[in-house]
Amino acid sequence: MSVTNNNEWKDLVQSLLPTGHRWKNGTHFFLVLSSYLLSDDFKSSRRWLVYVMHHANWLNLRDTPYNTLSDQSLADITDRHIPNKFDKESIYKLFGTNRNTFKKNYAKYLQIKQPTIGQIMLALFNQWRDSNQELSEPIKKKDISKLQGFYPKKTAKMLVVVPQLEDYLETIGLSYEEVREFPPRLIETFFEEIGEPERYKELVEILSQDEEA
């Protein structure tokens, strides 16, 4: 790890350990950070992020229930505590892309004029392509019904309680009934939120087989 990266981690740790923080010590902090990688308790990266924010004393889940936290509010909370900004080259490196492909795939989700960490989070939450870069085309409502147990009415009831969906619908200005397809990352997040990330992998396999047929 470079000196620059070490300094960035130092700034991050200091930001997460303010006066009155909930951490017992630095070791406790790193144990919680590593819990996401080592435990199945956090199958949703978003839930893990909220958990970390709660224990960093950035928010209180007793006062602000999880299902009331929009992606934008999480981004705003992050920017208040870590007001860092990044240059364009750092953003291209983060997304594993270059100037041209970034403009094509990500520009509409993220303003790249010294974006904040919160803005980057919003891009990661809402990008069309899923986290494994497997799907780049929208997933239709009828596609989800190809999974056993996910018939349309059931899926509709489950999707509407996911915070990210409300954010997405507000962004595009449509109701759930009006939308016919969703970004792959949003559907991937949906399965993470309900604790069944393996069902997204199953859906990817089904769609891949349909494409080959």
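Determine the pairs where a residue that is assigned to a helix (DSSP H, G or I), located within region 172-199, has a partner that is open to solvent by 30 Å² or more (accessible area, probe 1.4 Å) and of a type in the set (Lys, Arg) with Cβ atoms under 7 Å apart, the partner being 6 or more residues away or on another chain. These pairs meet every condition: Pro184/Arg129; Arg185/Arg129; Phe191/Arg199; Glu192/Lys43; Pro197/Lys43.
Considering region 151-167, and only residues there that are without any contact (Cβ under 8 Å) to a residue 24 or more places away in the chain and not charged (D, E, K, R), the residue that is most open to solvent (accessible area, probe 1.4 Å) turns out to be Tyr151.
Before we move on, is Lys142 modelled with pLDDT of 75 or more and open to solvent by 80 Å² or more (accessible area, probe 1.4 Å)? In short, yes. When restricted to residues that are open to solvent by 50 Å² or more (accessible area, probe 1.4 Å) and either among the small types (Gly, Ala, Ser) or under 12 Å from the mean Cα position of the chain (by Cα) (or both), region 168-207 contains 1. Among the residues of region 42-91, those identified as in a helix (DSSP H, G or I) and among the hydroxyl-bearing types (Ser, Thr, Tyr) are Ser45, Tyr51, Tyr66, Thr68, Ser73, Thr78, Ser90. Going through (1) more than 24 Å from Val160 (Cα to Cα); (2) modelled with pLDDT of 65 or more one by one, Leu38 falls short only on (2). Taken over region 58-117, the criterion of being of a type in the set (Asp, Glu), under 26 Å from Val162 (Cα atoms) and at pLDDT below 85 is satisfied by Asp71 alone.
The values are calculated or read from the model by the stated rules, or taken from the named source; none is laboratory data. Just so it is clear, the structure is predicted and the values come from calculations on it, not from any experiment. Note that each Cβ is placed from the backbone with ideal geometry, even for glycine, and that neighbours are counted across all protein chains shown. Side chains are part of the model used for accessible areas, which takes the heavy atoms of the whole protein and leaves out ligands, DNA and RNA. Shrake-Rupley method; radii C 1.70, N 1.55, O 1.52, S 1.80 Å.
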